[in-house]
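Okay, so here's the structure we're looking at.
The values are calculated or read from the model by the stated rules, or taken from the named source; none is laboratory data. Just so you know, these numbers come straight off a predicted model, no measurement behind them. In this analysis, Cβ positions are derived from the backbone assuming ideal geometry, glycine residues included, and neighbour counts consider all displayed protein chains. Surface areas here come from the heavy atoms of the whole protein model, side chains and all, with no ligands, DNA or RNA. Shrake-Rupley method; radii C 1.70, N 1.55, O 1.52, S 1.80 Å.
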Amino acid sequence: MEVRKKKLPIGIENFEKLRLEDFYYIDKTGLIRELLNNWGEVNLFTRPRRFGKTLNMSMLEHFFSLNGDKGIFDGLEISKETALCEEYMGMYPVISIPLKGIDALNFETAFERAVLLVRRAASKVYYLLDSDALNEQDKMNYRKLLDDHMTEAIFGDSLRVLSELLEKHHGTKVILLIDEYDVPLAKAHANGYYDQMVSLIRSLLGEALKTNNSLKLAVLTGCLRISKESIFTGLNNLKVLTVADERFDEYFGFTDKEVRELLEYYDVADHYKEVKRWYDGYQFGNAEVYCPWDVLNHCDRIRSEPHVQPENYWINTSSNDAVKRFIEESANAATKRGIERLVAGEVITKEIHQELTYPEVYQTIENIWSLLFTTGYLTRRGKAEGRQMKLAIPNLEIRDIFVTQIMEFFKENVREDGDTLNRFCDALQNEDTENVEKIFTKYLRRTISIRDTAIRTEMKENFYHGILLGILGVKTQWGISSNREMGEGYADILAEPDTGDMGIIIEVKYAHDGDLDAACKEALKQIEYTRYEDDLEDDGVENILKYGIACYKKRCRVMLAKNN
């Protein structure tokens, strides 16, 4: 009889649920040991999205919390640390606030959501109203935290007040967990109320972390390390642990060993190579890690469809704004060359500033490099030398995001320059090979070339094919089909202008040896040989033009077949 496998924990961020309901768990409880042994009163972990920050925060909450089920840690790494468990496990009141819910178009709504989060945290400890340890004034202060008409002043003080009341009642200091602290700032920046949000979050965190004598330990997570001046002013007890730090490096993301074990457990170990090429490649400290979100999603898919191709699971979970803005800077020749080298799999050295504020991130191209690094679109290779880091695109999935954005940006440019597009299409219709060649070369020079030294010739052809489709696809009145099955084989591109009486067949070849003429002739021969025009003639199209286009790097040659 087949043994039932554990469930894959896709999107499960509650540690207790994951442990009680038979989900597969990759043990990250060593994080608790490190945290307690390398004591820091306030700890900020910055990691890209989808690397398990929220699940780790839930794990911390269940470990420290007074009223949790301690059995969920049985058999895990941390359970071996008996002294630590005796001293800390289940010993503290915990306040846990996830800030990613503060997402709104204006400050008023954002503030309402923020109040809701504080009220939710406060209402979990209703027993304070009956506490003999609290006096009437204390209870009045507690009731203010349950009021939905909370003022900004009371909100700013709320976590400190709640900590004090909990300490008074339990006679023990408080653990404070704040997940995704920078999401409200990112949303506020995107929607134009950044300054108001900064001052709100600053007062909340300042009071909770700086002047809070009831605090035992605080842990925060986020994507960006916001500069101290803007949020953490005067916070001397803050320990920041970024992707560049060696401490805690393997506790966010999956290591190679963990991924191998996971794939073996689900009997899909033969997919290891593709999983590695697509989802590995992030360097946090000294650890090389995979993105957990992708590994779990892909493992889930290949269990039911073994032949399925790897895909981009990241693209749907974040806006990719950073990559988009980066590509838009490619009018700058140096940036354009940098992007081309990255996409070709090379490494680039840049100066990285890890402390930025949201208004600064797009101000200079240097800051965009830093943003791409902190958000996981680029990763470090080798050791950093001061601020200088060698950067690379981590894996095929992220490369795919870059390539997609490059093509989008290219099409946008074609759209904006309608004049060039019309000249190109007229030249095609008028059998003007000289201008087809001239304008296509101009397009090639302007675009960011996506070369991949490691790929086969036909893949290189795909790039030029994509550029041509990108251009013609903008000409909305034309019918464009690509690789349509016709006659004896596949036509590369068939364009049918809006006149209705013409068909243009284009075959694209990559001249791998630089001989453009030979490649052009080869392309035309292919059109002849496959008799693409039969179908068009059957449809009553009389005027059929056949073009061979050969490309090599940023050069091209265009030939037109003589009609017999």
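With the structure loaded, tell me whether Y547 is of a type outside the set (G, A, S) and within 23 Å of E434 (Cβ to Cβ) or whether it fails that test.
Yes, satisfied.
Restricting the search to region 497-515, which residues are open to solvent by less than 10 Å² (accessible area, probe 1.4 Å) and either assigned to a helix (DSSP H, G or I) or under 19 Å from N462 (Cβ atoms) (or both)?
I505, I506, E507, V508, A511
Are there any pairs, at least 6 apart or on different chains, whose C-beta atoms fall under 8 Å, with the first in region 515-543 and at positive phi and the second surrounded by 14 or more Cβ atoms within 10 Å (Cβ to Cβ) and part of a loop (DSSP other than H, G, I, E, B), and if so, which?
R531/G487
Filter region 142-163 down to the residues that are touching a helix residue (DSSP H, G or I) at 6+ places or on another chain (Cβ under 7 Å) and part of a loop (DSSP other than H, G, I, E, B) and list them by number.
Selection gives L145, L146, D148, M150.
Check L185 against each of (1) open to solvent by less than 10 Å² (accessible area, probe 1.4 Å); (2) closer than 21 Å to L372 by Cα; (3) not in a helix (DSSP H, G or I) and name the one condition it does not meet.
Looking at each condition in turn, L185 falls short on (3).
I need every pair where a residue in region 149-166 that is more than 24 Å from K216 (Cβ to Cβ) has its Cβ under 9 Å from the Cβ of a residue that is of a type in the set (V, I, T), sequence separation at least 6 or different chains.
H149/V115; M150/V115; M150/V118
Mind listing whichever residues of region 253-311 are open to solvent by 30 Å² or more (accessible area, probe 1.4 Å) and part of a loop (DSSP other than H, G, I, E, B)?
Once the filter is applied, which keeps residues that are open to solvent by 30 Å² or more (accessible area, probe 1.4 Å) and part of a loop (DSSP other than H, G, I, E, B), region 253-311 yields D267, N286, E305, P306, H307, Q309, E311.
K239 fails exactly one of the following numbered conditions: (1) out of contact with any helix residue (DSSP H, G or I) (no Cβ under 6 Å at 6 or more places or on another chain); (2) open to solvent by 10 Å² or more (accessible area, probe 1.4 Å); (3) closer than 26 Å to N367 by Cβ; (4) assigned to a helix (DSSP H, G or I). What is the number of that condition?
K239 satisfies all of (1) out of contact with any helix residue (DSSP H, G or I) (no Cβ under 6 Å at 6 or more places or on another chain); (2) open to solvent by 10 Å² or more (accessible area, probe 1.4 Å); (3) closer than 26 Å to N367 by Cβ; (4) assigned to a helix (DSSP H, G or I) except (4).
Looking only at region 1-16, which residues are under 26 Å from the mean Cα position of the chain (by Cα) and either farther than 21 Å from K70 by Cβ or open to solvent by 20 Å² or more (accessible area, probe 1.4 Å) (or both)?
K7, L8, I10, G11, I12, E13, N14
Within region 332-375, can you find the residues that are in contact (Cβ under 8 Å) with a residue 24 or more places away in the chain and of a type in the set (K, R)?
Matches in region 332-375: K336, K350.
Within region 75-120, work out how many residues are surrounded by fewer than 18 Cβ atoms within 10 Å (Cβ to Cβ), at negative phi and small (G, A, S).
Qualifying residue count for the region: 3.
For region 72-86, enumerate the residues that are of a type outside the set (S, T, Y) and without any contact (Cβ under 8 Å) to a residue 40 or more places away in the chain.
The answer is D74, G75, K80, A83, C85, E86.
Condition check ((1) touching a helix residue (DSSP H, G or I) at 6+ places or on another chain (Cβ under 9 Å); (2) farther than 20 Å from A188 by Cβ; (3) open to solvent by 10 Å² or more (accessible area, probe 1.4 Å); (4) at pLDDT 90 or above) across all residues:
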{"position": "A333", "(1), (2), (3), (4)": "no, yes, yes, no"}
{"position": "I339", "(1), (2), (3), (4)": "yes, yes, no, yes"}
{"position": "L342", "(1), (2), (3), (4)": "yes, yes, no, yes"}
{"position": "V347", "(1), (2), (3), (4)": "yes, yes, yes, yes"}
{"position": "H353", "(1), (2), (3), (4)": "yes, yes, yes, no"}
{"position": "T357", "(1), (2), (3), (4)": "yes, no, yes, no"}
{"position": "I365", "(1), (2), (3), (4)": "yes, yes, yes, no"}
{"position": "G376", "(1), (2), (3), (4)": "yes, yes, no, yes"}
{"position": "T379", "(1), (2), (3), (4)": "yes, yes, no, yes"}
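Of everything in region 519-553, what is within 13 Å of E461 (Cα to Cα) and basic (K, R)? Give them in sequence order.
Passing the criteria: only K553.
Under 8 Å by Cβ, and 6 or more places apart or on different chains, what pairs join a residue from region 402-417 that is open to solvent by 30 Å² or more (accessible area, probe 1.4 Å) with one that is among the acidic types (D, E)?
F409/E328
Can you spot a residue in region 175-198 that is under 21 Å from D321 (Cα atoms), in contact (Cβ under 8 Å) with a residue 40 or more places away in the chain and acidic (D, E)?
yes
Are any of the residues in region 224-231 out of contact with any strand residue (DSSP E or B) (no Cβ under 9 Å at 6 or more places or on another chain), open to solvent by less than 10 Å² (accessible area, probe 1.4 Å) and farther than 18 Å from R113 by Cα?
Checked against the condition, which is being out of contact with any strand residue (DSSP E or B) (no Cβ under 9 Å at 6 or more places or on another chain), open to solvent by less than 10 Å² (accessible area, probe 1.4 Å) and farther than 18 Å from R113 by Cα, region 224-231 yields at least one hit.
Would you confirm, using the coordinates I've provided, whether L235 is in contact with a Lys or Arg (Cβ under 8 Å, 6 or more places away or on another chain) and either under 17 Å from V42 (Cα atoms) or modelled with pLDDT under 95 (or both)?
yes
Is at least one residue of region 164-180 acidic (D, E), open to solvent by less than 50 Å² (accessible area, probe 1.4 Å) and not in a helix (DSSP H, G or I)?
Taking every residue of region 164-180 in turn, at least one turns out to be acidic (D, E), open to solvent by less than 50 Å² (accessible area, probe 1.4 Å) and not in a helix (DSSP H, G or I).
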